[in-house]
Amino acid sequence: MDTLTHGVLGACLGELLGGRQLGRKALLAGAIAQNLPDADVVCALWLDPAANVLAHRGLTHSFFFAVLITPLLAYGLTQWRYSVAPFSFWLKFLGAQIFVHDLMDGFNAYGTGWFEPFSHLRVSFHTLFVSDPLFFIPLVLGTGYLLLAGNQQPRRNWYAGLALGASGLYLAGCVWVKERVYKDVAAAISKQELVQDNYLITPTPFNSLLWFITTKHDSGSWVGYRSVWDRHPDIHFEFFPRNDSLLQPLTRTKEIENLRRFSQGYYTVEQSGDTLVWNDLRFGQMMGWQHPRTGFVFHYYLAPEIDNTVVLQRGRFAGWDETTLHNLISRIRGR
């Protein structure tokens, strides 16, 4: 999830956990505590981009880190001369915020290292887009009310709980929608005799109604889209070859190893002019519902060595305009 969503989520949760002890400061404390695991962004200062995308949402998002860091931070806050709460309060407050952060990141496509350093398994439920307005808006409204309202504790708790409940209900709805779409996708893949064991579906930008589908195979991947409102059972798939042979001239084996591990096998390599590009298919295409052969959101330049610092963000909304949004809404409405 993005930083702002974590912030308002942490603020509402902070009100429930600490409003009585901290007053309105619970909102700020919650927003900060909720974003603590994302301190791993500082790794970009010394890691190369391929290692950095793997480090993000790694150790600092693990349950081991949460168990280790929570009592240390709680103890440090009790030693702060301005602290107004005991160790037990901070242990509960910080522990809940960090756990919720790690849990929610597991619902996105990026992959979260819950079990680091004991296992490199990345958890990705592919249920929520990283910034989903319908999940975000109730939390923003709740936080806004809490900032403006008086300190009457029962009413503040009610509004904080309402905001969290509304977002939680939406998340539950996303799980239900994905399960429904998943059955349609499984049937279409079986009917068309594509790879049946290795595929995933993930939401397209800002919604949970249109889903991006990609398969995984040694020779390449089939990609397509399915809306919850599609009327025809068949799904149109486009094939993208993996092209592992293009990697043979490269000598940066550690870089390739990190990208393979991060992509979890859902990748292709392509030659675009004089540039060799690595695509991680899990993040979808830039405008695939509009142009089926368009490029992928996550594209990493292997050769020549071009700046890959903002590898995830430079392709997410490249070329978007009013027509793109109109086509997205039209595709959501189904075929």
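Can you run down the residue pairs with Cβ atoms below 8 Å, 6 or more apart or on separate chains, where the first is in the range 249-265 and farther than 16 Å from residue 52 by Cα and the partner is of a type in the set (Val, Ile, Thr)?
Pairs that qualify, where the first residue is farther than 16 Å from residue 52 by Cα and the partner is of a type in the set (Val, Ile, Thr), are 250/256.
Considering only the range 260-289, state which residues are in a loop (DSSP other than H, G, I, E, B) and surrounded by 17 or more Cβ atoms within 10 Å (Cβ to Cβ).
Step one: filter the range 260-289 for residues in a loop (DSSP other than H, G, I, E, B), giving 264-266, 273-274, 286-289.
Selection gives 264, 266, 286, 287, 288, 289.
Out of 8, 53, 84, 100, report the one residue that is in contact (Cβ under 8 Å) with a residue 24 or more places away in the chain, touching a helix residue (DSSP H, G or I) at 6+ places or on another chain (Cβ under 9 Å) and more than 30 Å from residue 121 (Cβ to Cβ).
Working: 8 fails: more than 30 Å from residue 121 (Cβ to Cβ); 53 fails: more than 30 Å from residue 121 (Cβ to Cβ); 100 fails: more than 30 Å from residue 121 (Cβ to Cβ).
The unique qualifying residue is 84.
From the list 319, 315, exactly one residue is among the small types (Gly, Ala, Ser), under 23 Å from residue 221 (Cβ atoms) and loosely packed, with under 14 Cβ neighbours inside 10 Å. Which is it? Give the derivation first.
Working: 315 fails: loosely packed, with under 14 Cβ neighbours inside 10 Å.
Answer to the selection: 319.
Against the condition part of a loop (DSSP other than H, G, I, E, B) and of a type in the set (A, V, I, L, M), how does residue 67 come out, does it pass?
Details: part of a loop (DSSP other than H, G, I, E, B): no; of a type in the set (A, V, I, L, M): yes.
Taking the combined requirement at face value, the residue does not satisfy it.
Identify all residues within the range 245-259 that are surrounded by fewer than 17 Cβ atoms within 10 Å (Cβ to Cβ) and either closer than 27 Å to residue 211 by Cβ or among the hydrophobic types (A, V, I, L, M, F, W, C) (or both); write none if there are none.
Just the residues of the range 245-259 that are surrounded by fewer than 17 Cβ atoms within 10 Å (Cβ to Cβ), to begin with: 245, 248-254, 257.
Scanning the range 245-259 gives a single hit, 250.
So residue 178 ticks every box in (1) surrounded by 19 or more Cβ atoms within 10 Å (Cβ to Cβ); (2) more than 24 Å from residue 276 (Cα to Cα); (3) in contact with a Lys or Arg (Cβ under 9 Å, 6 or more places away or on another chain) but one. Which box is left unticked?
Every listed condition holds for residue 178 apart from (3).
Any residue at all in the range 318-333 that is out of contact with any helix residue (DSSP H, G or I) (no Cβ under 9 Å at 6 or more places or on another chain), assigned to a strand (DSSP E or B), in the same structural domain as residue 211 (by TED's automatic domain parsing) and without any contact (Cβ under 8 Å) to a residue 24 or more places away in the chain?
No, that holds for no residue.
Hey, could you check the range 273-298 for residues that are within 15 Å of residue 311 (Cβ to Cβ) and polar (S, T, N, Q) and say which is modelled with the lowest pLDDT? Before the answer, list the steps.
Our first condition is that a residue be within 15 Å of residue 311 (Cβ to Cβ); within the range 273-298, this holds for 275-284, 286, 295-298.
Next, from what is left, pick out any that are polar (S, T, N, Q): 275, 279.
Values: 275: 91, 279: 95.
The qualifying residue modelled with the lowest pLDDT is 275.
Looking at 17, 22, which is the one that is touching a residue at least 24 places away in the same chain (Cβ under 8 Å) and touching a Lys or Arg at 6+ places or on another chain (Cβ under 7 Å)? Step through it out loud before you land on a result.
Details: 22 fails: touching a Lys or Arg at 6+ places or on another chain (Cβ under 7 Å).
17 is the lone residue from the list that is touching a residue at least 24 places away in the same chain (Cβ under 8 Å) and touching a Lys or Arg at 6+ places or on another chain (Cβ under 7 Å).
Quick one: which of 315, 334, 295 is of a type in the set (Gly, Ala, Ser) and more than 23 Å from residue 241 (Cα to Cα)?
Details: 315 fails: more than 23 Å from residue 241 (Cα to Cα); 295 fails: more than 23 Å from residue 241 (Cα to Cα).
Residue meeting the stated conditions: 334.
For the condition out of contact with any Gly (no Cβ under 8 Å at 6 or more places or on another chain), assigned by TED's automatic domain parsing to the domain that holds residue 127 and closer than 22 Å to residue 93 by Cβ, what is the one hit in 33, 39?
On the way: 33 fails: out of contact with any Gly (no Cβ under 8 Å at 6 or more places or on another chain).
Going through 33, 39 in turn, just one is out of contact with any Gly (no Cβ under 8 Å at 6 or more places or on another chain), assigned by TED's automatic domain parsing to the domain that holds residue 127 and closer than 22 Å to residue 93 by Cβ: 39.
The values are calculated or read from the model by the stated rules, or taken from the named source; none is laboratory data. All values reported here derive from a predicted model rather than from experimental measurement. Glycine gets a Cβ as well: all are built from the backbone with ideal geometry, and neighbour counts include every protein chain shown.
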